1. Compute the length gained on full extension between S53 and R336: take 0.36 nm times their separation in residues and subtract their Cα-Cα distance, giving the result in nm to one decimal.
2. Probe of 1.4 angstrom, ligands and nucleic acids ignored: what's the accessible area per residue over the range 276-379, in square angstrom?
3. For the range 303-375, what's the relative contact order in percent, using C-alpha pairs closer than 8 Å and at least 6 residues apart?
4. Could you calculate the FRET efficiency of R408 with D39 from 1/(1 + (r/R0)^6), where r is the beta carbon distance between them and R0 is 41 Å, rounded to 0.05?
5. Using label points projected 7 Å from each Cα along Cα→Cβ, tell me how many nm separate D283 and R373, to one decimal.
6. Which value in Å does the Kirkwood hydrodynamic radius of the range 303-375 take, with 1/r averaged over all unlike C-alpha pairs and then inverted?
7. Any number yet on Rg/Rh for the range 348-477, C-alpha, Kirkwood?
8. Given the pairs K13/K248; K311/K357; K385/K460; K52/K210; K184/K357; K13/K472, which span a C-alpha to C-alpha distance of over 20 angstrom in this model?
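The values are calculated or read from the model by the stated rules, or taken from the named source; none is laboratory data. Note that the coordinates shown come from a computational prediction; the quantities given were computed from them, not determined experimentally. Here the Cβ positions follow ideal geometry from the backbone for every residue, glycine too, while neighbour counts run over all protein chains shown. Each accessible area value is taken on the protein alone, full model and side chains, heavy atoms only, with ligands, DNA and RNA left out. Shrake-Rupley method; radii C 1.70, N 1.55, O 1.52, S 1.80 Å.
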Amino acid sequence: MTNSEQERWSRVKGRLRSTVGEDVYTSWFARMDLESVQDESVHLSVPTRFLKSWIQAHYAERVLTCWQAEMPEVHRIDLSVRSAMRAAMPVVKDAPAPVEMRRAERSDNRPALELRPATVPPAAASHDALGGSPLDPRLTFAGFVVGRSNTLAHAAARQVAEGRRGDPVMFNPLYIHAGVGLGKTHLLQAVTWAGNANPERKVLYLTAEKFMYGFVAALKSQTALAFKEALRGIDVLVIDDLQFLQGKSTQAEFCHTLNALIDAGRQVVIAADRPPSDLESLDDRVRSRLAGGLVVEMGALGEDLRLGILKSRVAAARAHHASFDVPEPVLDYLARAITHNGRDLEGAINRLLAHSKLNNQPVTLDMAEREVRDLIRPQEPKRIKIEDIQRVVARQYNVSRSDLLSSRRTANVVRPRQVAMYLAKTLTLRSLPEIGRRFGGRDHTTVLHAVRKIEALVGKDTALSEEVESLKRQLQE
Ligand code: ADP
Ligand code: MG
């Protein structure tokens, strides 16, 4: 892949991000990679079958349009699923293979050099036999750096991993949520590795996709009794990326599994990119069951944490490439410049490793600045939550949050409530029915009415328009 293709791809992603909005982008496109561009067709890849079919069904046209805006000659987008093999690419040994070949393998965040051990530890094999999703041997507690934003999640995860069969379960389910690349999968797989190190315990790690296409199908082919029997063998069920769980019957199976496990005193651990209350496609019963355990958010990675992650990545790389070194000022620069997520930090180190190995040069600040340019993004706009809107509006108008959710119709409550619903519609991606639900179970037509009303007033009423602007500023701070 040439640099200009990479840059073009960055711009296409930028367009996509701004047309579909941040939430949709991170849910569906954050892990899409450019494979190649040939004449009029572009080849993209995603890590799972599910993402592929979803993007094809809902966003094919949009993706094409974004490409055409950069390259009018493009007429076709091929989307494929990156094979699991790719993740297990052989470790590049110090003896260099032809440079061209390795360059060709490289795509955005997928560096040519992989840092993982060549052999998979035995625990992975027994995990596969249970029907679990593949585990990455690097994602253990030993490699997890603890900082302010993840202390609680880490402590809870450790507690779960160290539990023994028959111990009382402290929080069930443990539900961890965070944006893309902030360490959810790392933490969940660490729990799985550590749990399975104890031969008396069985920890099963499943992505939501695997749960839908593998686990549920297997369960359906069995009798209710066999189902109970199968669950009995699992001490801890770990489900990653729950936001991808879709479909009524899958949800019913999920709910059934969740209840059966929790009632039997087995631990359930879940990760998703949003809190339970924002999983719109789940039904209320599942949502409240999820919220009934311990819900922990992992925040953005602070600078110290980013520096720690970079150092741990460099140390891991040095195990295979002893001559590789990244001077302190370069680490400081990267920790300051790449603020977005752990995946980009990992990508940055992989690039420096690739570059210094292939060109046989030491890592310098200049080189780092050049190599990671496209990983440096402007500060992400903050993701605004409906609760924040309700809190800020209530404060500004001196009413309580429960007034906003109540059915009271006095003027001092009606207007703030309408403003809050209007802000929820304009500042989040939530649908009208969802907003209605979050405002004390109102109908979507009520929300629509509020939105229209405030939209119209903002055009005429300067005082109101200033209030709305001030609320927006407070929310975006
Ligand atoms: P998520 O599942 O939340 O999208 P991942 O767990 O895949 O994120 O993390 C993305 C990358 O960042 C991985 O390479 C992971 O190892 C790394 N990472 C994130 N947080 C940490 C941490 N606290 N310590 C070490 N590595 C981390
Ligand atoms: Mg993940």
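1. Values: separation 283, 0.36 × 283 = 101.88 nm, distance 3.70 nm.
That pair, S53 and R336, stretches by 98.2 nm at full extension.
2. On the way: 4710 Å² over 104 residues.
Per-residue value: 45 Å².
3. Values: 64 pairs, mean separation 26.2, N = 73.
About 36 percent, as a whole number.
4. Numbers: r = 64 Å, r/R0 = 1.55.
About 0.05, to the nearest 0.05.
5. 5.4
6. Working: mean 1/r = 0.0840 Å⁻¹.
Hydrodynamic radius (Kirkwood, Cα only) of the range 303-375 equals 11.9 Å.
7. Values: Rg = 22.7 Å, Rh = 17.3 Å.
Reported Rg/Rh (Cα atoms, Kirkwood Rh): 1.31.
8. Numbers: K13/K248 32 Å; K311/K357 18 Å; K385/K460 28 Å; K52/K210 14 Å; K184/K357 31 Å; K13/K472 26 Å.
The answer is K13/K248; K385/K460; K184/K357; K13/K472.
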